[in-house]
């Protein structure tokens, strides 16, 4: 088991640039430049982005003529806020309605509130407001406070999407082509983004009220695609959406909401959804599809998570000891799942060896409790709860975003990077800490899905910057498996002379 | 009768058991629903299972819909449902008891004071409500395509699926019962006296004048009556909907066909043979679904597909499977191309006939080969395979009868003469069925028809225009009488065209033709998924290189289909999204099948291009297809 104590001491003064020869180099080293990537590193500051000051419903009263008839207001309340709104409206306009109606609706409202508070005491997350819930379950650290709301690499090209505080999404490409800005009326409080695999254009956006699928034509030069390019998918009772996951074949999209006990499996093009309901847990907060597409992790707000197999869609229940599952990532072959729990400072591993018999218990593979490193300007404490986990597509580097302590001034959030080894036994080895510029803390990270020379970690910082940290290494074992395929495929180079078999289409 | 035999084993071994199981389950569930019903107020009947279709029937105009609803088969169906509704309602009224129990009640006549048998209007009301609900269920079944079975995008076991759908079914039946109760109450209010007087006169029952008549406002505002009406209605709908649901779940359950069999007598039950099935659509659909599943989930069965035949070493399995998939896809391509050409020529002929002052059909169709944005090449001479004719070979029974006379584009008598001529030559055994050919090749065909007369098109179908020796219009001067008749007909048409009701009935529903084209596209989606995953898997699993030989064919077939689909989505109404219905038992997924097909097609091409990458440059395909594939390699689609 690896712990933070064996890590090389973090360099606090300067930004980490890249890894080479098994060493993380920072800007302190003379003569080293960030020569790696011509990828865009935009910076967004909170001042330039203006978030929505108030939710839509509270500004209604400013514009609405209050002398509407009771019927009109009741109909409006029913439309906007459902039964609650209607009862609330009737109770509030007690002088206009018969006394028995006002008293009756007040009683029903009280009863409903009592019932929901009882429900809320079972599942405390249900008492949160929609925005608080998104902030709680987002993979972005300090979601509500951050200029960047979410980030996603395209799985096949050098293209990424960033969701910003002002509810817009920007798409950056490696070359200096225009950066489209996506805005939509329904696009509020973006919690997660994911590009559709095996597709050049579709981007799924998890919003507060619905799921948006943008179709951004890669060949288009337009900087403001119209909202007609977006599909709106919604299901009653399924909002806010905090996590989405495309199947690796790109045919299905799964979405999850902490208030809905069923997760939705969408056939996006047909706009139809199949709800998969399991009541235990009180909702679904985080979804992660294994890269081979055979399993899907679904975390709930309670101390319970499920692993679905995606052939017949049955699930295994995994009760946890302490808190809920905060983050997880799959190994590239889909055989190993790393998990982090809320309130625990360790990383668990589940190994799925064959299709029938799954693992019986999770094993602890890393200890991330606080460790203090002496530095030139005072001690630096690192370690804490895991906010998110990310494994590079080759399966050689594991990045862990560790929550800091905002009260203490020398305990920032950091990214710890491990080397991973799967043979002979699964093992995590220390690699180093990825540090930002002075004063900047990491908020979110994701590995580039197909970096040629090793792995490339993209980090969103608290100062609104996005930077890329390449890890140069030669891959050990995984690519070796490809060589027979290469040889096989190279047979195709001359199909006309290579016809071994006569075509017989009967 | 080979195919019949083939069907019979499937029907005998699979479908029957599924049907029996679904009936058994619905019968087993009856006590539960009955208990619920008894709890709320206080039997259900065996009813015949509906033979559900996997391809929806899409009427293309309101007239077609009317034709479907008034079709004798549908009338019989409605009648059966009305009777069942009445029967269930009779049971319901007997179980509720009290004032509802019998049709005749003793009552005292006001003047003489003697006891006579009076008509119990409450009982009659419930019976008629049952008949009304039965009819409306049967009617909505047609309008909402309730007997169309769609396949779910994911596989689930039957019990979880049933459990997941149950709340929806209960909700739908309650809502439908409330709607029906409202509609029936309104209907009874206006026309209730007709059955009442008829029944009382035929059965010689008196009408009790001391009671409030139910076809009055005060009589209908009886909450107890309305409550019992909606509760019994909900129970009635629930039993019907449960049957539909269970049937859907059982029919769409995946069936695993063997890829190859060691015994020759089982050969016709194997996947390659079953895929080529034309008559039993359920079996074909299940086979394609199985293909899509095995290509994604089962390594051992994929290896069987890539395997060589034992004596001889031919890749029969792969050739049959890929050939059948390609045949399906190219058939769709031809259908799309034919539709586009029909639409394109439709618009142009109309505009030209409007501008030209001579109304003779010969002049309007002789200028057909004009300029058009997509037609640098002359118009092709594909026989128009409208969806009706496409289903003719595949869908048996009523579907053919219903859709064939009301095919899109040609259903209105106001469509252009050129199109109506084309319909005359539609032919299920057209030279295009089954051959893999790109529209680029097809487009090079010269325009074969040059002139036509209206009478030819309206009459019995003529032979191919190439064989009909119709003399050129310029050389033949039409007789005065023919000219006069022609003019009369045009006048009648334009007169009718101005009548709102006629136009309303005969005008095409905007999206319907597009929906009808893609009505069976679930099959194509599975074919695409199956092919692409098999090809992608062949990269590492195909030991003998059997896929390599067909790779150019597959790629060009996909690209040609993509071009046809792209052009189709440029047509008006093709890319407009249908309105989503919130709560109905009818399955509306057929409305979005074209979008699903487009997405599946692109994903399929991406799946192949990302797997093969640069190796695709070595595949022998034409330059323009290579260009298109290059777009996919660069993720620019």
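Once the convex hull of all Cα atoms in the range A:95-218 is built, its volume per residue stands at 163 Å³.
Name the shape class, rounded, prolate or oblate, that the alpha-carbon gyration tensor gives for the range A:383-475, where a ≥ b ≥ c are the square roots of its eigenvalues, rounded holds for a/c under 1.5, and otherwise prolate holds if a/b is larger than b/c and oblate otherwise. Can you show the working numbers first?
On the way: a/c = 2.52, a/b = 1.50, b/c = 1.68.
Judged from the Cα gyration tensor, the range A:383-475 comes out oblate (a/c at least 1.5, b/c at or above a/b).
Both radii come from the Cα set of the range B:239-279: Rg as radius of gyration, Rh as Kirkwood radius; their ratio Rg/Rh reads 1.21.
Taking the Kirkwood radius as Rh and the Cα radius of gyration as Rg, the range B:101-214 has a ratio of Rg/Rh equal to 1.20.
Legend: Rg and Dmax of chain A, from Cα coordinates, 25.2, 92 Å. Compactness check for the range B:555-619: Cα Rg over 2.2 N^0.38 Å is 1.47. Between the Cα long axis of helix A:99-122 and the first principal axis of chain A there is an angle of about 20°, rounded to the nearest 10. Remark: the residue A:363-residue A:101 segment gains 88.4 nm on full extension, using 0.36 nm per residue and subtracting the alpha carbon distance.
A simple spin-label model places the labels of residue B:194 and residue B:491 3.9 nm from each other, with each point 7 Å out along Cα-to-Cβ. Just need log10 I(q)/I(0) for the range B:238-318 at q = 0.11, 0.15, 0.16, 0.27 Å⁻¹, Debye formula, equal scatterers on the alpha-carbon atoms, no solvent, rounded to two decimals. One equal scatterer on each Cα of the range B:238-318 leads to -0.37, -0.61, -0.67, -1.32.
Only alpha carbons enter this Debye calculation for the range B:189-348, each as an equal point scatterer, and the log10 of I(q)/I(0) it gives at q = 0.12, 0.14 Å⁻¹ is -0.74, -0.86. Among A:136, B:253, A:396, sorting on how many other beta-carbon atoms sit within 10 Å of each Cβ, with the fewest leading, yields A:136, B:253, A:396. Summed over all non-identical Cα pairs, the Kirkwood treatment of the range A:198-310 gives a radius of 14.6 Å. Remark: the range B:75-138 is approximated by an ellipsoid whose semi-axes, taken from the C-alpha gyration tensor as √(5λ), come to 30, 12, 7 Å, largest first. Here r is the Cβ-Cβ distance between residue A:222 and residue B:16 and R0 is 51 Å; the resulting FRET efficiency, rounded to 0.05, is 0.35.
Sorted fewest first by neighbouring Cβ atoms within 10 angstrom, B:266, A:463, A:267, B:587 come out as B:266, A:463, B:587, A:267. If you wrap the tightest convex hull around every Cα atom of the range A:275-414 and split its volume per residue, you get 117 Å³.
Averaged over peptide A:190-202, how many Cβ atoms belonging to another chain are found within 10 Å of each residue's Cβ?
Counting Cβ atoms of other protein chains within 10 Å of each residue's Cβ and averaging gives 3.
Once both labels are positioned 7 Å from their Cα atoms along Cα-to-Cβ, the gap between residue A:121 and residue B:75 label points is 6.6 nm.
Here the spin labels are modelled as points 7 Å beyond Cα on the Cα-Cβ line, and at residue B:499 and residue B:577 they lie 4.0 nm apart. Past the 14 angstrom mark, what percentage of all C-alpha to C-alpha distances in the range A:315-374 do you count? Looking at the range A:315-374, the distances longer than 14 Å represent 60 percent of pairs. For the range A:76-175, the relative contact order comes to 12 percent (Cα pairs under 8 Å, sequence separation of at least 6). The relative contact order of the range A:271-328 comes to 26 percent, based on Cα pairs under 8 Å that sit 6 or more residues apart.
Calculate the all-directions average of the projected area of the range A:123-190's alpha-carbon convex hull, and give it in nm².
Working: hull surface 23.2 nm².
Mean projected area of the Cα convex hull: 5.8 nm².
Sorting B:107, A:210 by the number of Cβ atoms found within 10 Å of their own Cβ, with the fewest placed first, yields B:107, A:210. For chain A, relative contact order (Cα pairs under 8 Å, six or more residues apart, normalised by length) works out to 14 percent. Shielding of peptide B:147-158 by partners, expressed as the average count of other chain Cβ atoms within 10 Å per residue Cβ, is 4.
Quick note: the coordinates plus some simple rules give every number you see, no bench work behind them. All values reported here derive from a predicted model rather than from experimental measurement. When we count neighbours, we look across all protein chains shown, and the Cβ atoms used for this are built from the backbone with ideal geometry, even at glycine.
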